[in-house]
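The values are calculated or read from the model by the stated rules, or taken from the named source; none is laboratory data. Computed from a predicted model, the values in this text were never measured in an experiment. Methodologically, a virtual Cβ is constructed for each residue, glycine included, from the backbone with ideal geometry; neighbour enumeration extends over all protein chains shown. In case anyone asks, the SASA skips ligands and DNA or RNA and just uses the protein heavy atoms, side chains included. Shrake-Rupley method; radii C 1.70, N 1.55, O 1.52, S 1.80 Å.
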Amino acid sequence: MSKSWTSTLRLPKSTFPPRASAQLREQYIKRSADDFYEWQKANRPSDDTFVIHDGPPYANGNLHVGHALNKVLKDMILRVKVQQGRRVDYIPGWDCHGLPIELKALGKAEDGGKHLTPVEIRKSARNLASNTVLKQMKSFRSYGVMGDWDRRWTTMDAAFEMRQLRLFQKMVKKGLIYRRFKPVYWSPSSKTALAEAELEYKDDHVSTAAWVRFRIDDSWKDVPELAEAAGSMKGGLYAIIWTTTPWTLPANQAIAVHDDMNYSIVMDGEDGYIVAETRLDQTQDMLPNQTSSGASSIAGKHFTNLSYRHPLKGKSAPSQPIIHADFVTADSGSGLVHLAPGHGFDDYEVCRSLNLSVTAPIDNEGKFTADAYPDDPDRLTSAPSINHGGSQSVIDLLGSDILHVEKYKHKYPYDWRTKQPVVIRATEQWFADVSHIRDEALSALESVRFFPEVGRKRLESFVKGRSEWCISRQRAWGVPIPALFDKNGAAVVDEATVEHILSVMKDRGTGAWWSDAPDDPAWIPSRLSGEYRRGTDTMDVWFDSGSSWSMMSGQADVYLEGSDQHRGWFQSSLLTRVAAGAVEDTGFVKGAPFKQLITHGFTLDGEGKKMSKSLGNVIEPQQVMDGSLLPPVKRKGKAAQGPPTYDALGADALRLWAASSDYTKDVAISETVLRAIHTALLKYRTIAKMLLGSMHESARSAPLFTADHIALIQLRDTMEEVGKAFDKHEFYRGFSILNRWITNDLSAFYLEASKDRLYCGDGGGVIEPIFYGFMRMLAPMTPSLVEEVWEHRPEWMKQDMAVVHPLHQLYATPVISEDRLTLDLPAVRKDIPTLMAVHSAIKTGLEKARADKVVGSSLQSSIVVSTSDAGVIAVLERYADELANMFVVSSLEITAGDASPSTPGWEQYKQEIDINGSGVKGTIAVLPPHDAKCSRCWRYIAPVEDSLCGRCEEMVKE
């Protein structure tokens, strides 16, 4: 029986556990986040600070994985910059005003808060937002996100509100703020105006569409071009319109045709109907007795002096005109368009140019007002709201003037918060003039770097398509628009008035705008005489968050948010800053508030569906961290009878998922994805434990072999690739490159080649440099893992004060001194393809032999390399003494020529050598070992059985 030599081996020893202790996890996160942030503030130069400005999350409810993706991406970018030697500045913020918070606050009150005063609503909403901020902050910090949490900001902070109001004042001074009665997007479910950024579009909305006729006044008979029809028609002439919103018919003020389109008059019984020639087929079914009147190819311009009667306007109402409109086409409907300027943007513009009235006879909840049907107001005021049957009520009222009703599926805007349809409704609203700053805003984007680049066109298109911004909301929870109104309802907003109001708010706070007595004279400037009241509108929350750039002294290096923010926060930030720059201020640097704009996609479930509460597929970050999205851990015995337990890998798992995701597109998260993340993370822990247990202080002075130089080349190349990917914010590429290196280079080559030396030899090599390189590459992605690994470093490293914490190291600092290198790296680099090709051929041949159970360990073989290629021979002979150890075989022989030797029964274990697909350069043959097995290192190089090889004899003596 052979003697045990275990006590003479340098087997890996490390205190690093397979899993992080739940008790210590928070400690590692604190050190690698909060403490690290303070360290970099003290140790990185202050004259080169890198700033990410936070796009504030909404303080309303629990966080989901989309929030985690956003925060972790920002955090990784910051950590990369610290590795590059820069100080970073990141002050987290929260968006705290607006409808969702107000609705949630109202929902907690009795009767839905219908009887709460604005002051009570604001108090409840503030408490809700404040508590949510603290809850969300705790969650963000648990992800290992570093930042200046003590200096966090919210849009409801008094200082923030005053900066926002000063920005509003600047825009007033420039003439960019005005009030107008005009159509805006209106949400009956939220009872407020909305901006375009607050809409989402549903492709399968179904409307009740109607074909409606309006009788033309008899003056049409005097038009020469219509004389032929007049002579044959006994009944009346009607205009036919088609509408998907019959509820807008009470607001109709005109019918539009196109001057240059051709129309026909068709007969149905004794009556005639005007229809575009190209749309006659569409009216065939609703006019079953349709015949020609003889009047065809009549240009639209011949109808534009005519008028018609509107049956809903009342018996005494005047006739309404038929007019020309450029937007009329023959692509849909009848070629005649019903115009309701109070409910349509195009309708408004064309009717306003002709001084036609603008009415919108619905209230805030979408119910008809008495003006909708003056002759009998109750018929419509008692009807359902326009989104719940109002259209049918109008159809019923019009009776025989409705020719046809149909269901029509189309794309339609919805309130992004309530998920209910919105309408277009003319109301008195405050607007910011975008048209006068649009060109400057577009110019400001020219110097901005976009990632991905497609974001540039997206943001530009939103800016180009906008001429004004509705900034007022009819809710209590928000920043007040500082406007006064006289007894006639006329608004007063000028620089001096706003200045006076802001001076009062500075002393009393914005809440006093609602809480002070309505007749408190302090709010009225002395220069104004008469009665005035304070307005009740609040600012759009996009104006709130969009003015957050005012906290910074200059531009942010990065704004990073979801792709939906091109029409939201990105755009509002750009417009408000350009608007502020339009007012000449000394020291203000004009341009966009950001130097670089980075966007990420939405988070999807395993089926590729966007996450939403209604679908019930929302995943919370905690589920990723506690492992509960994966099957429970298998247990044996009595433990299997208890509640399930899960493999909780903490923030590292969440962060690694974010790092591995190609966030330039929508990002999926599922059990399959998380299994891969867990596998990668466990591999990192295994590699870290191996490196920790294999680092020896003596290795710093031990000679370096060829395998060590190859490993350093592979490490440098990998670090360079990973560094470039990280610098471009392509963490998913860096993650992939790192994993490839671990699998192909570190595990499959260097660690295998080094085991004999580490365990049985002098313990030398480049494990320590590899350890530092590995930690640096992990640092942005899994900083708490790096912190935990560092905690378990060998005792001799803890005593070495010259050793720098991996999180503090500069990424580009060499991992090893050039003085230690004994080979010319460029020369070794040229030889690596040949060496790796031979290595690959040997591994393939050994796998075949292992499959046939001819060998177990690769050390149970000797290798003969046969080649007639002089270049291959030169490379192999250059490293001949090290090849057996490098390839983990017991011996290796190089022979010139193509005929390789063989041993009976081993002929099939030959493998061709192919260098980078350049063709066969020789063969390797796997043969039995020549000598006996060394009892200590297990290499087959001992003289006899149960003895030691020469190297092991020396090591045992030492």
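If you plug the beta carbon distance of Glu406 and Glu847 into 1/(1 + (r/R0)^6) with R0 = 60 Å, you get a FRET efficiency near 0.30.
DSSP loop GluC sites (Glu not before Pro) in segment 460-528 with at most 13 other Cβ atoms within 10 Å of their Cβ, which ones? Here no loop site has a sparse enough neighbourhood.
Close amide H pairs (under 5 Å, H built 1.01 Å from N) link Asp259 with Ala325, residues at least 5 positions away or on another chain. Tilt of helix 767-778 relative to the longest C-alpha principal axis of the chain, in degrees (0 to 90, nearest 10)? The angle comes out at about 10 degrees. Scalar couplings 3J(HN,Hα) for segment 647-654, obtained by applying the Karplus form with A = 6.51, B = -1.76, C = 1.60 to θ = phi - 60°, are 7, 7, 9, x, 4, 4, 5, 4 Hz; x denotes Gly and Pro. The label point for Asp331 and the one for Lys665, both projected 7 Å from the Cα toward the Cβ, are 3.0 nm apart. The calculated pair-distance distribution of segment 826-927 uses every alpha carbon pair, bins of 10 angstrom beginning at 0, and gives 17, 53, 27, 3, 0 percent. Farthest toward the positive end of the dipole of the chain, out of His792, Pro480, Pro374, is the Cα of His792, where the dipole comes from beta carbon charges about the Cα centre.
Mind checking the dipole of the chain: about its Cα centre, +1 per Lys or Arg Cβ, -1 per Asp or Glu Cβ, Debye to the nearest 20?
2540 debye
Other residues whose C-beta falls under 15 angstrom from the C-beta of Thr154 contribute a net charge of -1, scoring Lys and Arg +1 and Asp and Glu -1.
Considering only Cα-Cα distances, which of the following residue pairs are longer than 24 Å: Lys464/Lys609; Lys202/Lys407; Lys104/Lys170? Too far apart for the 24 Å limit: Lys464/Lys609; Lys104/Lys170.
Relative to the Cα centre, the charge distribution of segment 513-652, modelled as +1 at Lys and Arg Cβ and -1 at Asp and Glu Cβ, gives a dipole magnitude of about 720 debye. Working from the Cα coordinates of the chain, the gyration tensor eigenvalues give, after taking √(5λ), semi-axes of 74, 36, 24 Å in decreasing order. In the context of the full set of protein chains, residues of the chain present 43 Å² of accessible surface per residue (probe radius 1.4 Å, heavy atoms only). Of all aspartates and glutamates in the structure, those lying under 16 Å Cα to Cα from Lys108, and not within fewer than 8 positions of it along the same chain, are Glu120. Placing +1 on each Lys and Arg Cβ and -1 on each Asp and Glu Cβ, with no other charges, gives segment 104-227 a dipole about its Cα centre of roughly 900 debye. Summary of packing: across the peptides 243-251, 304-312, the per-residue average of other C-beta atoms within 10 Å ranks them, highest first, as 243-251, 304-312. For the pair Ala896 and Ser435, the difference between a 0.36 nm per residue extended length and the Cα-Cα distance amounts to 157.9 nm. Simple rule: put +1 on each Lys or Arg Cβ and -1 on each Asp or Glu Cβ in the chain, find the dipole, and look at Leu116, Trp523, Phe887; the Cα lying farthest toward the positive end is Phe887. When the alpha-carbon atoms of segment 167-207 are used, the pair Rg, Dmax equals 15.0, 45 angstrom.
If you wrap the tightest convex hull around every Cα atom of segment 200-417 and split its volume per residue, you get 124 Å³. I want the local charge near Arg733. Using Cβ-Cβ distances under 14 Å, sum +1 for each Lys or Arg and -1 for each Asp or Glu among the other residues. Value of the local net charge: -1. For Lys830, the aspartates and glutamates whose Cα falls under 17 Å of its own Cα, not counting residues fewer than eight places away in the same chain, are Asp708, Asp717, Asp745, Asp869, Glu877, Asp914. A full extension of the chain between Gln474 and His388 corresponds to an added length of 28.7 nm, given 0.36 nm per residue minus the alpha carbon distance. Using R0 = 30 Å, the C-beta based FRET efficiency linking Glu110 and Ala490 works out to 0.20. Distance between the pseudo-spin-label points of Lys683 and Glu697 (7 Å out from Cα toward the beta carbon): 3.5 nm.
For the pair Ala299 and Leu199 in one chain, pulling the backbone fully straight at 0.36 nm per residue adds 32.1 nm over the alpha carbon distance. For segment 809-920, carbon and sulfur atoms together expose 52% of the accessible surface, with a 1.4 angstrom probe and every protein chain in place.
Between Asp259 and Ala870, the modelled labels are 8.9 nm apart [label points 7 Å from Cα along Cα→Cβ]. Between the residues Ser858, Ser902, Val875, the greatest Cα displacement towards the positive end of the dipole of segment 826-927, with unit charges on the Cβ of Lys, Arg, Asp and Glu, is found for Ser858. Can you work out the FRET efficiency for the pair Ser307 and Val804, with r the C-beta to C-beta distance and R0 = 60 Å, to the nearest 0.05? Plugging the Cβ-Cβ distance into 1/(1 + (r/R0)^6) gives 0.10. Within the chain, the cysteines lacking any other cysteine Cβ closer than 4.7 Å to their own Cβ are Cys96, Cys351, Cys470, Cys952. Shown for segment 63-111: the carbon plus sulfur share of the solvent-accessible area, taken with all protein chains present and a 1.4 angstrom probe, equals 49%. DSSP beta bridges fully contained in the chain are about 70 percent antiparallel.
What is the sum of charges around Trp469, taking Lys and Arg as +1, Asp and Glu as -1, for the other residues whose C-beta is under 9 Å from the C-beta of Trp469? Overall, the nearby charge balance is -3. Within a straight-line Cα-Cα reach of under 18 Å, Lys595 can be paired with the following lysines, leaving aside sequence neighbours fewer than 8 residues apart in one chain: Lys74, Lys81, Lys457, Lys728.
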